[in-house]
Amino acid sequence: MSAPPTLPLDPVLLRADFPILHQRVYANPRRGNEGVRLAYLDNGATTQHPRQVVQSMVDCYERTYSNVHRGAHYLSAQSTDAVNAAREKVQRFLNAPRAEEVIFTRGTTESINLVARSWGDAFCQAGDEIVVTEIEHHANLVPWQQLAERKGVKLRHLRLGDDGQLDVPSLPSLLNERTRLVAFTAVSNVLGTITPVAEIVAQAKRVGALTLVDAAQSVPHMRTDVQSWGCDFVAFSGHKMIGPTGVGVLWGRYDLLDSMPPFLGGGGMIDRVWLDRFTPGELPHRFEAGTPAIAEIIGLGAAIDYLNHVGLDAIHAYEQILTAKAHEVLGALPGVTIWGPSLEHKAGIVSFSVADVHPSDVANVLDLAGIAVRAGHHCAMPLHDRLGIPASTRASFYFYNTTEEIERLGEAVVRAQEMFGRKS
Ligand code: C6P
């Protein structure tokens, strides 16, 4: 079956690779209840896995699994080759100059903490400044707050404009010769706002500041080119891009990473150890202490193969269609407020509020209709403070979602209004 001419990809064909999407939830055969079809719209939290990714990890455990780097035997060589191959896949996926710049971590959170602990502790001093934004996930706020506490660094904040976009025109007023780093998200996990990464990087460079891009919500959904971004660090997670949990990436410029001290100490990250001291190893191993998540790294490589096969441009274009549909469906409902920017600045994340209905109640009604969304602050409390709400309901899409699922979302929101909304 080929893609229908009007769509950039064929979600029905692709869904066939995702067994989990084909189930009915809340079935109770003894009571004659056949359940409801699952509509998985919680992809900002984590994504589902195609058979190919699962199979790559089964193959690893059934045929090639062993520890890497250290063992001088056949299986160890197989595992080491497989991990190296995955590293090269990530390198090409990001258009990074060198594979050694790809550090495997446990995820975005660990990648950012690595930079804050290693680079921050080594190179920041009291009086230095770091700029973060008001729309960050806690993973890109708390590590800098902790660094500020440890080192006396001052944090400055780029605000969210009323148009749902970052107030980039005010960025120059936050930058000066003391600015060491600008750390910001490429896509907001709440508003879906796509930030102008290259523009922010260019402004930071003007004062000699480094840049860290939290790409957890962008790498899975649109083409990434770290060289055209011009940034210094990029962090993202495998589990948000049809890969496994427990694996993520920190990409950094080679000379910068090479100037940084290790983050965690242990096996694999050293050159030589004496009883009282050690010398650190080469990149990337310096930042990969201990046994890595071998099967998960291989699974991440398989996820990249799959995403390349579908095409990142097609994924982005298709998600634009889904987001437009969500705006159309939810925007037509009285009492529903959609947060965030207009469609041209927005990725496939739609957070909304329903007047007089708590986000948890909205999510519960949706859940009983088989529709999985997230309700709460989505680990972005300061952003919700800025919006003046404690919580929101969030639908977040991936290439295997359909416009029909979004129609069901709209119908279920109406049901939530009927059940919980204030009766006038
Ligand atoms: N956001 C969400 O539901 P980890 O947990 O390390 O894989 O990713 C952290 C993280 C960092 N930055 C952004 C922009 C993110 O969206 C996330 C994870 C999930 O929005 C879980 S809280």
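The values are calculated or read from the model by the stated rules, or taken from the named source; none is laboratory data. Quick caveat, the model's predicted, so the values are computed rather than measured. A quick note on method: Cβ atoms are made from the backbone with ideal geometry, for glycine too, and the neighbour counts reach across all protein chains shown.
Within 18 Å of the chain's Cα centre (by Cα) and in contact (Cβ under 8 Å) with a residue 40 or more places away in the chain, is that true of Ser237? Full working, then the answer.
On the way: within 18 Å of the chain's Cα centre (by Cα): yes; in contact (Cβ under 8 Å) with a residue 40 or more places away in the chain: yes.
Yes: the conditions hold for Ser237.
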key: Of the criteria (1) away from the ligand (no atom under 16 Å from the Cβ); (2) in contact with a helix residue (DSSP H, G or I) (Cβ under 6 Å, 6 or more places away or on another chain); (3) closer than 24 Å to Asp258 by Cβ, which one Glu100 fails   = (2)
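For every residue, the table says whether it meets (1) more than 16 Å from the ligand (Cβ to nearest atom); (2) at pLDDT 95 or above; (3) under 19 Å from Asp232 (Cβ atoms).
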position	(1), (2), (3)
Ser111	no, yes, yes
Arg117	no, yes, yes
Gln125	yes, yes, yes
Val142	no, yes, no
Arg150	yes, yes, no
Leu155	yes, yes, yes
Leu160	no, yes, no
Asp163	yes, yes, no
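Give the residue that is farthest from Arg386 (Cα to Cα), with candidates limited to residues of region 188-198 that are of a type outside the set (Ser, Thr, Tyr) and out of contact with any Lys or Arg (no Cβ under 9 Å at 6 or more places or on another chain). Walk me through how you get there before you give the answer.
To start, the set of residues in region 188-198 that are of a type outside the set (Ser, Thr, Tyr) comprises 189-192, 194, 196-198.
If we keep only those that are out of contact with any Lys or Arg (no Cβ under 9 Å at 6 or more places or on another chain) as well, we get 196-198.
Working: Pro196: 20, Val197: 22, Ala198: 25 Å.
The extreme case among them is Ala198.
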message = Of all residues being away from the ligand (no atom under 14 Å from the Cβ) and either within 19 Å of Tyr400 (Cβ to Cβ) or hydrophobic (A, V, I, L, M, F, W, C) (or both) in region 224-246, which is surrounded by the fewest Cβ atoms within 10 Å (Cβ to Cβ)? Just the residue, please.
response = Trp229
note = A careful count of residues in region 375-411 that are buried (at least 21 other Cβ atoms within 10 Å of the Cβ) and outside any helix (DSSP H, G or I) gives 12
ask   = Only one residue in Leu257, Leu283, Leu250 is crowded, with 18+ Cβ neighbours inside 10 Å, among the hydrophobic types (A, V, I, L, M, F, W, C), part of a helix (DSSP H, G or I) and assigned by TED's automatic domain parsing to the domain that holds Cys124, so which one is that?
value = Leu257
inquiry  = Name the residue that is nearest to the ligand (Cβ to nearest atom), counting only residues in region 204-221 that are surrounded by fewer than 20 Cβ atoms within 10 Å (Cβ to Cβ) and on the phi < 0 side of the Ramachandran plot.
reply    = Lys205
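Report yes if His327 is in a loop (DSSP other than H, G, I, E, B) and not acidic (Asp, Glu), otherwise no.
Values: in a loop (DSSP other than H, G, I, E, B): no; not acidic (Asp, Glu): yes.
In short, no.
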inquiry  = Let me spell it out: the conditions are (1) in the same structural domain as Met241 (by TED's automatic domain parsing); (2) surrounded by 13 or more Cβ atoms within 10 Å (Cβ to Cβ), and Leu21 meets all of them except one. Which number is the exception?
reply    = (1)
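Whether any residue in region 166-176 is under 18 Å from the mean Cα position of the chain (by Cα), within 16 Å of the ligand (Cβ to nearest atom) and buried (at least 19 other Cβ atoms within 10 Å of the Cβ) is what I want to check.
Step one: filter region 166-176 for residues under 18 Å from the mean Cα position of the chain (by Cα), giving none.
Scanning region 166-176, I find no residue that is under 18 Å from the mean Cα position of the chain (by Cα), within 16 Å of the ligand (Cβ to nearest atom) and buried (at least 19 other Cβ atoms within 10 Å of the Cβ), so the answer is no.
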inquiry  = Among the listed residues Glu100, Glu136, identify the single one that is touching a residue at least 40 places away in the same chain (Cβ under 8 Å), closer than 26 Å to Ala293 by Cβ, assigned by TED's automatic domain parsing to the domain that holds Ile270 and part of a loop (DSSP other than H, G, I, E, B).
reply    = Glu136
request  = Name every residue in region 69-84 that is in a helix (DSSP H, G or I) and more than 22 Å from the chain's Cα centre (by Cα), in order of residue number.
outcome  = Tyr74, Leu75, Ser76, Ala77, Gln78, Ser79, Thr80, Asp81, Ala82, Asn84
